[in-house]
Amino acid sequence: MTLTKQTQHRISGALLASVLLLLSPAHADDYRDARAELIAAYQLEDYPAMLVAANNALAARPGFPGAIFNLAMTQAVNGDAEASLQTLEILLRKGVDFGAGELDQFAAVRELDGWSAHKSKVDALHLSFGAADVITMYDDAEFVPEGIAFDNAGQLYLGSIHRGQIIRFGESVEVLSDRNTHWSAFGSRFHADGSLWFASAAVPQMAGVGEDEGKTGLFRLNVSSGTITKAAILPQYEKTQVLGDLVIADDNTIYATDSLTGAIYRYYIDSNEFEILVQRGKLGSPQGLALDASGNYLYVADYIGGLYRVWLQDGSLVKLEVADDTTAYGIDGLYRYGDELVVIQNGIRPNRVAALQLSDNGLAITGSRLLAANLEQFDEPTLGVIRGDDFYFVANSHWNRFNRENKLPKGLTGPIVLRLALD
């Protein structure tokens, strides 16, 4: 999870904090404008104007869970409880609930005859689902894990946001590198040569971030010696940048997402050069990424924009069509498993791991299967890694626990890694 995502936990106020978790990017677009009008109308208690703005927001971003929920809330405060419940049902068919049962704005909706049946389905949605095994736990509640990787010998590696460390699990836990040689450790992947590449950024959530805040880059770690053998610092295009995830395409090429500026970069190892593949501002908050089977396209999860396919030849974007009973928003980790995209979604409620079915042409999501949701270990699951037919992932990053001063509360559990069977 990156700064854009963490902002979601700091929003409060009358316009349904649980919906505004899914924020717009800094650049203007039709959705952002409509949402701003919606908030302004709500504050003025101009409910008819709210309804216009809510419909405009949903038209600008069809299928967006936050926009659907805002429309339901707007219908409720406009006195159309029946329409509000119907809209909540649309959201529920996507497997999403933002807590209408707990909000005063939906009081009239809860008095409808149909509410009891709706609530039963909501309650079922929040039941624990999925058979996941606990692979390992680490007794450091302030580690805040993000990147995860396995080497060829089957040893597990985790990267820390708060500690700024890379650790390896063996007979004991070994700290291989720390913030003396890089910053917070985000997404990580092993190269064919056995080295570990990871994205790193100086974020406010890293203890002792200092004057480096806003810097980011890709780092190569020799896991035998614990030495950083390459530090590729991204040019300072913007004041704050965060390379949050990466994928290694071949011996010389890495792709990485900047979740703050919306850019996707191509990095050449031999020449130590970054090339802009997708311009800053084209995406809202790109997170996970995965190559297609041909190696000609890159799938990218825009946290607030859905799923896109990028043509690697020129960086052109195509947004994937998504089945009505599925949502592709709020995706953090993204991985390809045959003709499916395995996703970790922590930007919707409930958080989940799911496998999204790709169409034959790779331009649509035709359906999905739920792999895990509401597990007792969940506390903002983030990134994962596929090994064979198993998926390993971080269950409890605690990103959502940082307060406004970027401090963590007492009593948190240390990192937990879970395993799910994909087949």
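One residue alone among Ala231, Ala202, Ala249, Ala256 is in contact (Cβ under 8 Å) with a residue 24 or more places away in the chain, buried (at least 22 other Cβ atoms within 10 Å of the Cβ) and hydrophobic (A, V, I, L, M, F, W, C), and that residue is Ala256. Number of residues in segment 218-249 that are under 21 Å from Asp178 (Cβ atoms), out of contact with any Gly (no Cβ under 6 Å at 6 or more places or on another chain) and part of a loop (DSSP other than H, G, I, E, B): the value is 5. Note on segment 62-79: residues that are free of Cβ contacts under 8 Å to residues at least 40 places away in the same chain and either buried (at least 17 other Cβ atoms within 10 Å of the Cβ) or within 18 Å of Ala40 (Cβ to Cβ) (or both) total 9. Counting only strands (runs of 3 or more DSSP E) wholly contained in segment 164-214, the ones carrying 1 or more residues that are farther than 23 Å from Gln287 by Cβ, over 21 Å from the mean Cα position of the chain (by Cα) and of a type in the set (A, V, I, L, M) occupy 173-177. Remark: Phe143 falls outside the filter, which requires a residue to be out of contact with any Ser or Thr (no Cβ under 7 Å at 6 or more places or on another chain) and touching a residue at least 12 places away in the same chain (Cβ under 8 Å). For segment 87-123, a residue qualifies if it is assigned to a helix (DSSP H, G or I), under 16 Å from Gln75 (Cα atoms) and over 28 Å from the mean Cα position of the chain (by Cα), and the qualifying residues are Asp104, Gln105, Phe106, Val109, Arg110, Glu111, Trp115.
Looking only at segment 326-349, filter to residues that are small (Gly, Ala, Ser) and surrounded by 24 or more Cβ atoms within 10 Å (Cβ to Cβ); which one of those is modelled with the lowest pLDDT?
Of the residues in segment 326-349, the ones small (Gly, Ala, Ser) are 328, 330, 333, 338, 347.
After this cut, where a residue has to be surrounded by 24 or more Cβ atoms within 10 Å (Cβ to Cβ) as well, the list is 328, 330, 333, 347.
Values: Ala328: 97, Gly330: 96, Gly333: 98, Gly347: 92.
Filtering first and then ranking leaves Gly347.
Within segment 378-423, the set of residues being among the aliphatic types (A, V, I, L, M), assigned to a loop (DSSP other than H, G, I, E, B) and touching a strand residue (DSSP E or B) at 6+ places or on another chain (Cβ under 6 Å) comprises Leu383, Ala395, Leu422.
Within segment 86-111, restricting attention to residues that are of a type in the set (Gly, Ala, Ser) and touching a Ser or Thr at 6+ places or on another chain (Cβ under 9 Å), the residue that is surrounded by the fewest Cβ atoms within 10 Å (Cβ to Cβ) is Gly99. Residue pairs whose Cβ atoms lie under 6 Å apart, separated by 6 or more positions or on different chains, with the first residue in segment 336-363 and assigned by TED's automatic domain parsing to the domain that holds Tyr299 and the second among the basic types (Lys, Arg), are Gln345/Arg352; Ala355/Arg369.
Annotation note: of Leu383, Leu312, Leu370, the sole residue that is among the aliphatic types (A, V, I, L, M), within 17 Å of the chain's Cα centre (by Cα) and surrounded by fewer than 21 Cβ atoms within 10 Å (Cβ to Cβ) is Leu370.
Hey, any hits in segment 388-405 for a residue that's in the same structural domain as Ala199 (by TED's automatic domain parsing), β-branched (Val, Ile, Thr) and at pLDDT below 95? Before the answer, list the steps.
If we filter segment 388-405 for residues that are in the same structural domain as Ala199 (by TED's automatic domain parsing), which is where we start, we get 388-405.
Restricting the remaining residues to those that are β-branched (Val, Ile, Thr) gives 394.
After this cut, where a residue has to be at pLDDT below 95 as well, the list is none.
No, the conditions are met nowhere in segment 388-405.
The values are calculated or read from the model by the stated rules, or taken from the named source; none is laboratory data. In this text, all values refer to a predicted model and were calculated from it rather than measured experimentally. Using ideal geometry, Cβ is built from the backbone for each residue, glycine included, and neighbour counts are taken over all protein chains shown.
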